[in-house]
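J.: This is the structure I want to talk about, given as structure tokens.
Please treat every number below as a calculation from the coordinates, not as lab data. Fair warning: this is a prediction, and the values are worked out from it, not measured in the lab. All Cβ positions, even for glycine, are placed from backbone atoms using ideal geometry, and neighbour counts span all protein chains on display.
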């Protein structure tokens, strides 16, 4: 069965290095805490708010050699009033037998405010 694993983080500024480091850190935590093997990933969607323009956050995943063939897509997040700025969201579609309630969704930096109900 395919499950969605959510994650989000923020970047301190719209800077390529900062965005890639923030995204890489989030992805590593998502992979680690959910024991994800790239071979079992169907796809990854990465969105960024309108104030991130210096780099595609998906570039961070391209540095993971074993993820070379995983389909990844970047998109722009909706520009909602009072939304979290410089936010990067990730959705990994993963083939797993893990129960939905046991999936570990990862929220880092200022993005912890997005889903306090999932904080364990």
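J.: Just checking, does the stretch 15-23 include any residue being closer than 20 Å to residue 118 by Cβ and touching a strand residue (DSSP E or B) at 6+ places or on another chain (Cβ under 9 Å)?
T.: yes
J.: Let me ask you something else. For the stretch 93-120, give me the residue count where each residue is assigned to a loop (DSSP other than H, G, I, E, B), over 17 Å from the mean Cα position of the chain (by Cα) and surrounded by fewer than 16 Cβ atoms within 10 Å (Cβ to Cβ).
T.: Within the stretch 93-120, the subset assigned to a loop (DSSP other than H, G, I, E, B) is 96-99, 103-105, 108, 114-115, 119-120.
From what's left, over 17 Å from the mean Cα position of the chain (by Cα): 96-99, 120.
The next check asks that each one be surrounded by fewer than 16 Cβ atoms within 10 Å (Cβ to Cβ); those that pass are 97-99, 120.
Summing the residues that are assigned to a loop (DSSP other than H, G, I, E, B), over 17 Å from the mean Cα position of the chain (by Cα) and surrounded by fewer than 16 Cβ atoms within 10 Å (Cβ to Cβ) in the stretch 93-120 gives 4.
J.: Please determine, by comparing only the residues of the stretch 60-82 that are under 19 Å from residue 13 (Cβ atoms) and surrounded by 13 or more Cβ atoms within 10 Å (Cβ to Cβ), which one is farthest from the chain's Cα centre (by Cα).
T.: Among those residues, the one meeting the criterion is 77.
J.: Can you pull out every residue in the stretch 1-59 that is in contact (Cβ under 8 Å) with a residue 60 or more places away in the chain, surrounded by fewer than 15 Cβ atoms within 10 Å (Cβ to Cβ) and not in a strand (DSSP E or B)?
T.: Hits for the stretch 1-59 are 1, 12, 13.
J.: Hey, does the stretch 27-37 have a residue that's more than 21 Å from residue 116 (Cβ to Cβ) and over 14 Å from the mean Cα position of the chain (by Cα)?
T.: Within the stretch 27-37, the first condition is being more than 21 Å from residue 116 (Cβ to Cβ), and the residues that meet it are 27-28, 31-32, 35-37.
Next, only the ones that are over 14 Å from the mean Cα position of the chain (by Cα) stay: 35, 37.
Within the stretch 27-37, one or more residues are more than 21 Å from residue 116 (Cβ to Cβ) and over 14 Å from the mean Cα position of the chain (by Cα).
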